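Let me begin by presenting the structure, written as structure tokens, before commenting on it.
The values are calculated or read from the model by the stated rules, or taken from the named source; none is laboratory data. Please read these numbers as outputs of a predicted model, since none were measured by experiment. No Cβ is skipped: glycine too gets one built from the backbone with ideal geometry, and neighbour counts run over all protein chains shown. Heads up: the accessible areas ignore ligands, DNA and RNA and are worked out on the full protein's heavy atoms, side chains in. Shrake-Rupley method; radii C 1.70, N 1.55, O 1.52, S 1.80 Å.
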Amino acid sequence: MKPELPPVSDTFVWDTWMTMYQVPAVAVAIDLGIFDSLHESADSPSGLAARRNFDERGLNALLPMLRHMGYLLHHDGLYSLSELATHYMTKDSPFYWGGLFTRVGKTLGPYKLLLETINMERANAEKNRPADGWESGHVDMEMARTVTAFMHSHSVTAANGMTRTFDFSQTKRMLDIGGGSGCFSIALAQSREDVHCTVMELPTICEIAGEYIQQAGVENRVDTVVVDMFRDKWPAGYDTHFFSNIFHDWSHQTCLDIARSSFSALQPGGRILLHEMLLDDQGTAPSHAVVFSLLMAMGTKGQQFTFPQLKDLLTEAGFTDIAWQPSYGYYAIVSGVKPG
Ligand SMILES: C[S@@+](CC[C@H](N)C(=O)[O-])C[C@H]1O[C@@H](n2cnc3c(N)ncnc32)[C@H](O)[C@@H]1O
């Protein structure tokens, strides 16, 4: 049965989660001397990365976040200190808060991961992030269960919201690539009786998705298929390829490879749909996408994208008619067509 959508958006819950990255972000910026470096001279993420031997992708995520918190200004591609940071975040200021953040930051889980990300020590970091398993195609059952429950929590409301805002009338057979718990396929099957969905996932996640599908009572129209999207042949016979929170896990080149795999497996005339939180065209706002990008920089090979970046990527893979529209909460759907 199709669940009623809550009368309040879950963006408030997203904000609660996202705020936990604020203290680690400031603490890492203090401990790595980022505020002091930008006090010496304003810089771009690439300039600062070169000057201090930092990870550029990490800085591309961290600096916009510090800006949203009021510590940095951004003008003509350069970041500089705001008055707030000049007085409270630089070592030589008599009002320096560094002692507090240096101590508190170290007590918080994301601090170490963020420090390693910016400092380019990821290669030495413990290999216990879900994305390490995704890359190898092997995720053990314990990790699969906790990560899928985590994804389900942050996606299930957006999945149900999406079926109210996006026009799926052209969709008859949807392949939900990296579909996790299957919440998007389940929500679509519950809202349209003429649709069949398949969750394409790694083996352990397929097993877990099967449980969610059965619990929702849609096993007659939602199934799973074990396919490693990087190594195996993708199934044919689908008019819609749906990707939620997939492109944001990977580098530009890997996303291009994924888009090309999709293009060759999709039916002519079929659509690719990317469900993502979009950055604005400058890549520095809105704040929820900026923080989500920082999470991706820490935990995956990816980042949030702007619409022009995704448009270029899909165009390069062969898709046409690329457009975007808001979906539910903080999400948007970018769509493209494989010419018929
Ligand atoms: C960020 S989660 C997104 C889950 C779901 N689409 C959502 O939005 O909640 C990424 C998903 O991609 C799947 N995945 C990662 N690598 C994969 C691979 N090589 N082949 C198939 N699926 C993969 C993971 O198992 C995981 O469920």
- Task: Taking Leu62 as meeting all but one of (1) at positive phi; (2) modelled with pLDDT of 95 or more, write down the number of the exception.
- Result: (1)
- Message: From the list Thr148, Thr163, Thr204, Thr198, exactly one residue is over 18 Å from the mean Cα position of the chain (by Cα), near the ligand (Cβ under 9 Å from one of its atoms) and not in a loop (DSSP other than H, G, I, E, B). Which is it?
- Response: Thr204
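If the requirement is being within 16 Å of the ligand (Cβ to nearest atom), open to solvent by 40 Å² or more (accessible area, probe 1.4 Å) and not assigned by TED's automatic domain parsing to the domain that holds Met69, which of these qualifies: Gln325, Gln303, Gln282?
Gln303
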- Hey, can you tell me all the residues within the range 244-270 that are in a helix (DSSP H, G or I) and polar (S, T, N, Q)? Gln253, Thr254, Ser261, Ser262, Ser264
- the range 65-97, residues that are in contact (Cβ under 8 Å) with a residue 40 or more places away in the chain, surrounded by fewer than 19 Cβ atoms within 10 Å (Cβ to Cβ) and among the small types (Gly, Ala, Ser): Ser80
- For the range 261-279, which residues satisfy the criterion of being within 26 Å of His138 (Cβ to Cβ) and surrounded by fewer than 14 Cβ atoms within 10 Å (Cβ to Cβ)? Ser264
- What residue, among those in the range 223-243 that are open to solvent by 60 Å² or more (accessible area, probe 1.4 Å) and either basic (Lys, Arg) or in a loop (DSSP other than H, G, I, E, B) (or both), is nearest to the ligand (Cβ to nearest atom)? Phe230
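Looking only at the range 1-56, filter to residues that are in a helix (DSSP H, G or I), polar (S, T, N, Q) and open to solvent by less than 40 Å² (accessible area, probe 1.4 Å); which one of those is nearest to Arg164 (Cα to Cα)? Outline the logic, then answer.
Let us first name the residues in the range 1-56 that are in a helix (DSSP H, G or I), namely 11-31, 34-40, 45-52, 56.
Retained after the next criterion (residues that are polar (S, T, N, Q)): 11, 16, 19, 22, 37, 46.
Remaining after also requiring open to solvent by less than 40 Å² (accessible area, probe 1.4 Å): 11, 37.
On the way: Thr11: 17, Ser37: 48 Å.
Applying the filter and picking the extreme gives Thr11.
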- Item | Among the residues listed as Phe101, Phe150, Phe184, the single one being surrounded by fewer than 20 Cβ atoms within 10 Å (Cβ to Cβ) and aromatic (Phe, Trp, Tyr) | Phe150
